[in-house]
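S.K.: The structure follows.
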Amino acid sequence: MLDRSLRPLIAVRVMAPPAQYDLAIRDLVSGVLNWRMWGRLGWQETKRRYRRTVIGPFWTTVSLGIFVLTLGILWAQLWKQVPATYLPFLTSGMLSWVLVSTLITEGCSVFTSGENLIKSLRFDYTILTCAVIWRNLLVLLHNFIIYIAVMIYAGVPVTWNSLLVFPGLLLISMNAIWVITLLGLLCARFRDVQQVTTSVLQVAMFVTPIFWSPDQLGPRFATLVDYNILFHFVELIRAPLLGRAPSPWTYVMVGLCTLIGWGLTITIYSRFRRRLAYWL
Amino acid sequence: MASLILENVTVDFPIYGTQKSFRVALRSATGGLIRREGLRHERVTVRALDGVSLMLKHDDRLGIIGHNGAGKSTLLRLCAGVYEPTQGRVFIEGKVSPLFNISPGLDPDDTGYENILTCGLYLGMTHEEIARKTPDIEQFSELGEYLSLPVRTYSTGMLMRLGFAIATAIDPEILVLDEGLGAGDARFAERAKRRVDDLVGRSSIMIFASHSEDLILSMCNRAILLQTGTIVASGEVHEVMELYRKLNQSG
C-alpha cells in the first residue's frame, strides 16, 4: 500500500517560520512602504469617480459646500454669531470632520470589501489600509476649494501656523493606519461593529465641537471636549486652517492616542492577522 | 532554490452565524469533518485539512487528486500563503504565485491597460516587469484597440483572454494552479494549453489540483490523493491515479 508510510518524513528543520509578531510588523511596514501599489489603488478609485460624470468627486465638494453655506448662515443667525468668523470655523471644522469620520467608517469595510483579494492572494493587507487613507486625502484636496473660497470671502489671513496643517495630516494618517487596521479586523469578525461605529459617529458629530466652539460650552462640561479624542484630531487641522496653532493639550492627547493605539493594534494584529482570511 | 514544506498541517474553518437547525443540516453535508468546540459546543468548525505533511523541492510537479470537498482548494490556498494553518507549520522558500481565479483585482470600469498594471502589481510584478510583459499580453490576448476601452465593454471570452494573458505572464518560482484556468473557444484552448505549459516550464515548483486525469498525467510527476482532508496516498502519478479509480469504483 502507498498509504501513510509514504508521507515524506521531515527530520531536518530547514528554517523556523517567522513568528506571528514578525509577520504582523512585516505586513505593516512593507505595506506602508509599498506606496506605488496603494498610491495606484487610491488614485484609480478616485479616477473611477470621475468616469461618466461631469464633475466626479466634486459632487461631494458641492454638497459639502451647500451644507456649510446654508447652515453656516442659518446658525450664525440663531446663535448670534458673525458670519465672517462663524463660516470659516464651520468650513474648516467640517472639512476636518469629513476626513476623520470617513477614515473611520471606511476602515470598517477595508477588509470585507477586499475579500476576493485576501482569499486569492498573499499580500500585505496594509496596502488596502493605506489606499483608503490616500483616497481620503485626495477627497480632502477636492474639498479644499470650499475652504479657499470661504477664506477669501471672510479674509482669514494665512500665517506661519497654517503650515502646521502638514504635521497634522501626518499625525492623522499615522493614527488612521492603526484605526483602520483594528476596525477592519474587528468588523471582519463581528459584523455588528460597523453598525455600532456608524451610530456612534453620528452622535459624535454633534457632541464634538464642529458646529459650536468649545468656549460656548462653559467650564462644567469642559471635560466633554478635553477628553474627546475626535475633537483633538479635528483640531489638528482645523486650527492651522484658521491660522491658529493647535493647543499643546491637543498634541499630548494625540500623542498618547498614537502610542496606545499602535501598541494595542500591533498586539491584536499579531494575534489575529492569520485568522483574517478565515473570517471573510 | 525554491522549496515548500508542510509539517503536520491542520486547517479548521470556523462557521459563524449558524443556527441549531443549520448545524443539523451541516452534519449530512459532504466535505470536512464538522466539530463543535467551546464549553457548550457553541462553536462550529469544519476540519478541511487534517495532519497533512508534504515536502516539495525544485522540479517537483505535484498533482492533487480528490473528490469535491476533499480539501484540494484549501490545500492550494495554504500553499499559497492565503490561509495560515490552524495547527502545524508551513515553510515556504521562494515567491509563490497563486492562480485561483483569473484576475484578482480586476475592475470593470478601468481600461484593459489599466487592469494589466493593477492585476500585474497584485500578482507581484514590478512596474518595469509589467511594462516589459505588456507587448506579450497585448499579443496573446488579441484584444488590439479594445485594451484602451473599459473592461466592462468586453465579452466574456475577451475578458477571459485578458485575465488569462495577465495571469500567465508572471515568472513564478512556486506556481499554485487551480483547474478551471483555461477553456475558451477551441483555437484559444490550444494556445492556452501551450501558454500554461510554458508557464509551468518556467516555474521551479508546481502544485496543481484537478479532476482531470489527463491533465494530471500530462503535467505532474508526483501526486497525492486527498480524502476528507487527509492524504491517503502519495507517490507516482500512475499509482495514485490507480488507487483513485479503485476508490471511485468501490464508492
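S.K.: Considering the Cα trace of region A:122-261, what is its radius of gyration and what is Dmax, both in angstroms?
M.R.: 16.6, 53
S.K.: Quick one: give the max-minus-min coordinate of the C-alpha atoms of the protein assembly as shown along each principal axis, largest first, in Å.
M.R.: Principal-axis extents of the Cα atoms in the protein assembly as shown, largest first: 90, 62, 44 Å.
S.K.: Still on this structure, please answer the following. Okay, helix-only estimate at 222 nm for chain A: each DSSP H run of n ≥ 4 adds -39500 (n - 2.57), divide by all residues, round to 500 deg cm²/dmol; what do you get?
M.R.: Working: 12 runs with 200 residues, N = 280.
After summing the helix terms and dividing by residue count, I get -24000 deg cm²/dmol.
S.K.: Do you know the relative contact order of chain B, to the nearest whole percent, from alpha carbon pairs under 8 angstrom that are 6+ apart? It would help to have the intermediate numbers written out before the result.
M.R.: Values: 468 pairs, mean separation 66.1, N = 251.
Reported relative contact order: 26 percent.
S.K.: Here is a further query. Run the helix sum for chain B: -39,500 (n - 2.57) per DSSP H stretch of 4+ residues, divided by residue count, reported at 222 nm to the nearest 500 deg cm²/dmol. Don't jump to the answer; show the numbers that get you there.
M.R.: On the way: 8 runs with 92 residues, N = 251.
Value at 222 nm, helices only: -11000 deg cm²/dmol.
S.K.: Considering the convex hull of the alpha carbon atoms of chain B, report its projected area averaged over all viewing directions, in nm², one decimal.
M.R.: Working: hull surface 62.4 nm².
Orientation-averaged projected area of the Cα hull: 15.6 nm².
S.K.: With the calculation restricted to Cα positions, what are the radius of gyration and Dmax of region A:123-169 in angstrom?
M.R.: In Å, with Rg to one decimal and Dmax whole: 14.8, 49.
S.K.: If you don't mind, another one. Convex hull volume of the Cα atoms in chain A, per residue, in Å³?
M.R.: Numbers: hull volume 48.5 nm³, N = 280.
Dividing the Cα hull volume of chain A by its residue count gives 173 Å³.
S.K.: Now, a different point. For helix B:237-250, what angle does its Cα long axis make with the longest principal axis of chain B, in degrees from 0 to 90 and rounded to 10?
M.R.: So the inclination is approximately 50 degrees.
S.K.: In Å, what Rg and Dmax follow from the Cα atoms of region B:69-147?
M.R.: 15.9, 50
S.K.: Could you tell me the distance between the Cα centroids of region B:44-73 and region A:183-211, to the nearest Å?
M.R.: The two parts, judged by their Cα centres, are 41 Å apart.
S.K.: Beyond a 20 Å Cα-Cα separation, which of these cross-linked pairs lie in this structure: B:K57/B:K246; A:K119/B:K57; A:K119/B:K95?
M.R.: Details: B:K57/B:K246 29 Å; A:K119/B:K57 25 Å; A:K119/B:K95 17 Å.
Violating the 20 Å Cα-Cα cut-off are B:K57/B:K246; A:K119/B:K57.
S.K.: Rounded if a/c is under 1.5, else prolate if a/b is larger than b/c, else oblate: which is region B:111-206, with a ≥ b ≥ c the root eigenvalues of its Cα gyration tensor? Mind showing how you got there, number by number?
M.R.: Working: a/c = 1.90, a/b = 1.18, b/c = 1.61.
The shape class here is oblate.
S.K.: Separation of region B:164-180 and region B:107-161 by C-alpha centroid, Å?
M.R.: Using only Cα atoms, the two centres lie 15 Å from each other.
S.K.: Right, something else. Checking the cross-link filter: which lysines have an alpha carbon closer than 25 Å to that of A:K47, excluding same-chain neighbours under 8 positions apart?
M.R.: B:K133
S.K.: Treat region A:25-99 as a sphere of radius equal to its Kirkwood radius over Cα pairs and apply Stokes-Einstein at 25 °C in a medium of 0.890 mPa s; give the translational diffusion coefficient in µm²/s, rounded to a whole number. All intermediate terms of the calculation are to be shown ahead of the outcome.
M.R.: Values: Rh = 15.2 Å.
This corresponds to a translational diffusion coefficient of 161 µm²/s.
S.K.: Under a 5 Å amide H to amide H cut-off, with H placed in plane at 1.01 Å, what residues pair with B:T111 once short-range neighbours are removed?
M.R.: Placed amide hydrogens put B:V151 under 5 Å from B:T111.
S.K.: So, one more: First select every other residue whose beta carbon is under 15 angstrom from the beta carbon of B:M125; then total the charges, Lys and Arg +1, Asp and Glu -1. Can you show the working numbers first?
M.R.: On the way: positive: A:R36, A:R40, A:R122, B:K95, B:R132, B:K133, B:R202; negative: B:E114, B:E128, B:E129, B:D136, B:D171, B:E173.
Cβ neighbours under 15 Å give a net charge of +1.
S.K.: Do any chymotrypsin sites (Phe, Trp or Tyr not before Pro) in region A:196-280 lie in a DSSP loop with no more than 12 other beta carbon atoms within 10 Å, and if so, which?
M.R.: Numbers: sites: A:F206, A:F211, A:W212, A:F221, A:Y227, A:F231, A:F233, A:W249, A:Y251, A:W262, A:Y269, A:F272, A:Y278, A:W279; in loops: A:F211, A:W212, A:Y227.
Filter output for region A:196-280: A:Y227.
S.K.: Sort largest first and round to whole Å: the equivalent ellipsoid semi-axes of region A:46-166, each the square root of five times a Cα gyration tensor eigenvalue. Numbers along the way, then the final one.
M.R.: Details: eigenvalues 228, 49, 38 Å².
So the equivalent ellipsoid measures 34, 16, 14 Å along its semi-axes.
S.K.: Starting from the Cα gyration tensor of region A:82-129, take the square roots of the eigenvalues, sort them a ≥ b ≥ c, and report rounded, prolate or oblate (rounded when a/c is under 1.5, otherwise prolate if a/b is larger than b/c, else oblate). Don't skip to the answer; put the middle values down first.
M.R.: On the way: a/c = 7.30, a/b = 4.62, b/c = 1.58.
Verdict is prolate for region A:82-129.
S.K.: Now for a different question. Go through region A:67-170 and name the chymotrypsin sites (Phe, Trp or Tyr not before Pro) that are in a DSSP coil and have 14 or fewer other Cβ atoms within 10 Å of their Cβ.
M.R.: Values: sites: A:F67, A:W75, A:W79, A:Y86, A:F89, A:W97, A:F111, A:F123, A:Y125, A:W134, A:F144, A:Y147, A:Y153, A:W160; in loops: A:W79, A:F111, A:F123, A:Y125.
Of the chymotrypsin sites (Phe, Trp or Tyr not before Pro), the ones in loops of region A:67-170 whose Cβ has at most 14 other Cβ atoms within 10 Å are A:W79.
S.K.: A further question follows. With every protein chain in place, what's the accessible area of B:K246 (1.4 Å probe, Å², nearest 10)?
M.R.: 120
The values are calculated or read from the model by the stated rules, or taken from the named source; none is laboratory data. Being a predicted model, the structure only gives us computed values, none of them experimental. Here the Cβ is made from the backbone with ideal geometry for all residues, glycine too, and neighbour counts use every protein chain on show. The protein model used for the area step is the full one, side chains on, heavy atoms only, and it has no ligands, DNA or RNA in it. Shrake-Rupley method; radii C 1.70, N 1.55, O 1.52, S 1.80 Å.
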